[in-house]
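Notes follow once the structure below has been shown.
The values are calculated or read from the model by the stated rules, or taken from the named source; none is laboratory data. Here the structure is a predicted model, which means the values were calculated and not measured. Neighbour counts run over all protein chains shown; Cβ positions are idealised from the backbone, glycine included. Heavy atoms of the whole protein, side chains included, go into the accessibility calculation; ligands, DNA and RNA do not. Shrake-Rupley method; radii C 1.70, N 1.55, O 1.52, S 1.80 Å.
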Amino acid sequence: MKKITLGRTQEKIPIIGQGTWGISRFFKDNNYYEQWKKSLRAGIELGMTHIDTAEFYGWGKAEEIVGEVIKEYNRDDLFITSKLFPMHLSKRTMKKAAEKSLKRLDLDYFDLYLIHWPNPLVSIKKQMRVLETLVNEGKTRYIGVSNFSLEQFKRAQESLKTVELINNQLKLNIIDQEIMHDSLSYYQKNDIIITAYSPLGHKGLKDINIWLMDKLEEIAERHNATIQQIAIAWLISHKNVITIPKAFHINHIKENAEAASIKLTKSEIELFYKKDSNFILNKL
Ligand SMILES: NC(=O)c1ccc[n+]([C@@H]2O[C@H](COP(=O)([O-])OP(=O)(O)OC[C@H]3O[C@@H](n4cnc5c(N)ncnc54)[C@H](OP(=O)(O)O)[C@@H]3O)[C@@H](O)[C@H]2O)c1
């Protein structure tokens, strides 16, 4: 699995990791959780060692399942991201939520801890103070945000004193490109990593329009790949973009890992842009 440098740190992170939104707490039998664990293990063994989770996913169940799987591996070989849900209002309750996530994951520290969505009831400054405290207390190595507009991201970065945000996790895929056209150039120039979430449009590209399907199928045939692999390869062709597809089925896990080896040409990448753009691409 290809790795890229995490912003201005010395850290390397896999260009494709694993999402966990979908691990449910309710009405599921043991086979369901065992299948999830098998898929996560298969992903780790294929190098998708960045696992993205959140206190919100399955109301803590996703973190519990991830915790059970990752204890089988060397901690230093993994990169674990989790997120604070915007329902905690005070510094004390925000910190407590982070500690509960760590407990469910059975970890001493996160590699990356994010604010899941900007909390409209708490100032950005206060949210950043909590993240800063968590770094200073050794509870997370790096911090970032998710679903922050570019303007919110800049405000958040400016309000930090001793640490920097290294990441914004945003909805970005071959269908939803608005955020990319609005902000990717800024993140590329400023060495911030974008984690593209819902890289397959959340539904595995099942409901895309004919125009996009035709183009994807044409490029997929050329590369002897699936359309989902092309959509993932397209995202990670951009400098500073990593992604975290979610897959319950092991065949999907394998295909997703293989997408890291697909090399699209500049013209194949540009074919899918909805606006003229001049993004920096990874070395082709
Ligand atoms: N920060 C945020 O607010 C936020 C929001 C949404 C998501 N996320 C993160 O991003 C992760 C991924 O996004 P997502 O869960 O919305 O959806 P996604 O990864 O865009 O799509 C998941 C769907 O694609 C299918 N799939 C996966 N690989 C495939 C392949 N190779 N071929 C065909 N179908 C494939 C999956 O099927 P199976 O599961 O049946 O294998 C599932 O139905 C989440 O799990 C979560 O960790 C973050």
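For this structure, a couple of remarks:
- Under the Karplus curve 6.51 cos²θ - 1.76 cosθ + 1.60, θ = phi - 60°, whole-Hz ³J(HN,Hα) for the stretch 244-261, x wherever Gly or Pro sits: 9, x, 9, 9, 7, 8, 5, 4, 5, 4, 4, 4, 5, 4, 5, 4, 5, 8
- Taking only protein heavy atoms and a 1.4 Å probe, the accessible area of the stretch 90-215 is 51% carbon and sulfur.
- Percent of beta bridges antiparallel (DSSP, the stretch 3-270, rounded to nearest 5): 10
- Using the rule -39500 (n - 2.57) for each DSSP H run of four or more residues, divided by the residues of the chain, the 222 nm mean residue ellipticity is -12000 deg cm²/dmol.
- Solvent-accessible area per residue in the chain equals 47 Å², computed with a 1.4 angstrom probe and all protein chains kept.
- Karplus-derived 3J(HN,Hα), 6.51/-1.76/1.60, for each residue of the stretch 178-183, Hz, glycine and proline x: 4, 4, 4, 5, 6, 9
- Mean separation of Cα contacts under 8 Å, 6 or more apart, over the residue count of the chain: relative contact order %: 19
- Gain in span if fully extended, Lys203 to Lys91, counting 0.36 nm per residue against the direct Cα distance: 36.7 nm
- Cβ-Cβ FRET estimate between Asn74 and Gln35, R0 fixed at 25 Å, reported to 0.05: 0.55
- For the stretch 34-132, a Kirkwood hydrodynamic radius built from all Cα pairs, placed in the Stokes-Einstein relation at 4 °C and 1.567 mPa s, yields a translational diffusion coefficient of 93 µm²/s.
- Percent of Cα pairs in the stretch 3-270 per distance bin of 10 Å, from zero to the largest separation: 7, 31, 36, 21, 5, 0.
- Where Glu99, Glu217 fall by accessible area, highest first, once all protein chains stay in place (1.4 Å): Glu217, Glu99
- Relative contact order (percent, whole number), the stretch 20-176, Cα cutoff 8 Å, 6+ residue spacing: 18
- Gyration tensor verdict on the stretch 181-264 (Cα atoms; rounded if a/c is under 1.5, prolate if a/b is larger than b/c, oblate otherwise): prolate
- Of all aspartates and glutamates in the structure, those lying under 12 Å Cα to Cα from Lys254, and not within fewer than 8 positions of it along the same chain, are Glu45.
- Ignoring lysines fewer than eight residues from Lys275 along the same chain, the ones with Cα atoms less than 25 angstrom from its Cα are Lys154, Lys171, Lys189, Lys203, Lys206, Lys215, Lys239, Lys263, Lys266, Lys283.
- Spacing of the modelled spin labels on Lys154 and Leu121, each 7 Å from Cα toward Cβ, amounts to 3.0 nm.
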